[in-house]
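**Student:** Dropping the structure in here first, questions after.
Where a number appears in this text, it was derived from the coordinates with a stated rule and is not lab data. Note that this is a predicted model, so its numbers are computed, not measured. Quick reminder, even Gly has a Cβ in these numbers, built from the backbone with ideal geometry, and neighbours come from all protein chains shown.
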């Protein structure tokens, strides 16, 4: 996997580069801001761009705006946003494009999980931090969600993170057959069509949550 990193904190930028290299990937470029990012992407042809949300010059939403521009120009490119705090603006729209992830910086400390998420995004899948998912899910309370058991709500959150049934089984230490049954019940109760594609499943979950929120 070819990786391009845009992160203004030098130590984190160098740490991310080492993490990817140690994981068997190639860091083709790194910088402290998002300027000329499109030109760098065209020149280096990365599979994944890792972006901080808040970068120079304003330290507000440079990364998010750059992510939107990159996905519009290079829809096949994987884009992984990093942030110190949860910011959900534009996130659902970006997830719908595929090949997108949003992780809190603390999550980098779990190297195995972080690399798995980055690789999933580079392959065109989705990866949302649990806290981001929690922020998206928590305002939504309707009759359909109230029908879910505690375990099914947990499964729903992990589905929205972008995990496959296998990934969910490993996270919860359950058998895949048990997870499959829970997922089937969740999708049935929410009225979401079954799908074997992990990204489509994330889209279905987020679309349902978004629609539920707008009905309030």
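**Student:** Which FRET efficiency, nearest 0.05, do residue 14 and residue 43 yield, Cβ-Cβ r, R0 30 Å?
**Tutor:** Efficiency at R0 = 30 Å is approximately 0.90.
**Student:** Please compute the contact order of segment 86-183 in relative form: average sequence separation of alpha-carbon pairs under 8 Å and at least six residues apart, divided by the residue count, as a percent.
**Tutor:** 24
**Student:** With label points built 7 Å along Cα→Cβ from the Cα atoms of residue 22 and residue 131, find their separation and express it in nm.
**Tutor:** So the label points at residue 22 and residue 131 sit 2.2 nm apart.
**Student:** Could you work out how far helix 150-161 tilts from the main Cα principal axis of the chain, as a 0 to 90 degree angle to the nearest 10?
**Tutor:** Once rounded, one gets 30 degrees.
**Student:** If you don't mind, there's one more thing I want to ask. Could you state the angle between the C-alpha long axis of helix 10-22 and the longest principal axis of the C-alpha atoms of the chain, as a value from 0 to 90 degrees rounded to the nearest 10?
**Tutor:** Value to nearest ten degrees: 70.
**Student:** Separation between the residue 166 and residue 112 pseudo-spin-labels, each 7 Å from Cα along Cα→Cβ, expressed in nm?
**Tutor:** According to this spin-label approximation, the distance is 1.5 nm.
**Student:** Taking only C-alpha pairs under 8 Å that are 6+ residues apart, what is the relative contact order of segment 2-126 in percent?
**Tutor:** Relative contact order here is 22 percent.
**Student:** Taking the highest mean first, how do the peptides 46-54, 28-36, 92-100 order by number of other beta carbon atoms within 10 angstrom per residue?
**Tutor:** Descending mean neighbour count gives 46-54, 92-100, 28-36.
**Student:** Testing the spin-label approximation: label points 7 Å from Cα along Cα→Cβ at residue 85 and residue 180. State their distance in nm.
**Tutor:** About 4.4 nm separates the two model spin labels.
**Student:** Based only on the alpha carbon positions, what is the Kirkwood hydrodynamic radius of the chain, in angstrom?
**Tutor:** 17.7
**Student:** Taking Cα pairs under 8 Å and at least six residues apart, what relative contact order does the chain come out at, in percent?
**Tutor:** 14
**Student:** To the nearest 10 degrees, how steeply does helix 62-73 sit against the main Cα axis of the chain, on a 0 to 90 scale?
**Tutor:** 80
**Student:** Using a Gaussian network model of the chain whose springs link C-alpha atoms within less than 10 Å, name the residue from 17, 39, 169 with the highest mean-square fluctuation.
**Tutor:** Result: 39 has the largest fluctuation of those listed.
**Student:** Same structure, new question: Over all alpha-carbon pairs in segment 2-126, figure out the percentage whose distance exceeds 21 Å.
**Tutor:** Above the 21 Å cut-off, segment 2-126 has 28 percent of its Cα pairs.
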